[in-house]
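*Asks:* Have a look at the structure that comes next, please.
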Amino acid sequence: MPPSVPTETGRIVGEVTPAAEPEMSKASSVTPAAARTSGAVTGVPLRWLRLEGGVLLAGSLIAFSATGQPWWLVPAVILVPDVLAAGYLGGTRLGAHLYNLAHGTILPAALAGLGWWQGRPLVLALGLVWLAHIGADRLLGYGLKYGDNFQHTHLGQLGQPGGTS
């Protein structure tokens, strides 16, 4: 074990100090440190995620073209996932949960996979249009929602400088 050597601050090199327990805000039950951060991705990772959204959009539409389904189906159903934003009528937390359920890739990927596996081109096409919707949202900067307000997303604050407009 190395000898204890005090630093300029009087602390011992290698000394471990216990972390202070974060205080909880009574109004939101969020720690002050968490309240100061937005939880949004910034910089190069943000640009990368938005680029991934564009690739998801393009790839989904290219795959859709191979299903043999009519193209009018795309504009007819592309906004259907946004119907779950009506969950915000029941409060921000419920709204965020329902919005995120409709805007995550798990359900539409499972739907597309099921359609492919079962040989059901319409089911496959609906899953692909759903994925295209998510890709378009990500490309435009509309991310998954936090439970505090609709504008707070993992890709930034909607309508704020540095977020999406």
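*Asks:* Would you kindly state how much longer the chain becomes between Gln118 and Leu84 on full extension, computed as 0.36 nm times their sequence separation minus their alpha carbon distance, in nm to one decimal?
*Replies:* Going from the current span to full extension adds 9.5 nm.
*Asks:* With charges set only on the Cβ (+1 for Lys and Arg, -1 for Asp and Glu), what does the dipole of the stretch 41-157 come to about its Cα centre, in debye to the nearest 20?
*Replies:* My answer is approximately 80 debye.
*Asks:* For a quick check: with amide H placed at 1.01 Å from N, whose amide H comes under 5 Å from Gly156's, ignoring anything fewer than 5 positions away on the same chain?
*Replies:* The answer is Val41.
*Asks:* Could you give the length gained on full extension between Thr105 and Leu140, defined as 0.36 nm per residue of separation minus the Cα-Cα distance, in nm?
*Replies:* That works out to 11.0 nm of additional length.
*Asks:* Can you tell me which of 147-154, 41-48, 128-135, 62-69 comes out highest on packing, and rank the rest after it, using the mean Cβ neighbours within 10 Å?
*Replies:* 128-135, 147-154, 62-69, 41-48
Read the figures in this text as sums done on the coordinates, not as results from a lab. A quick note: this is a predicted structure, and the numbers were derived from the prediction, not measured. Positions of Cβ are backbone-derived with ideal geometry, glycine not excepted, and every protein chain shown enters the neighbour counts.
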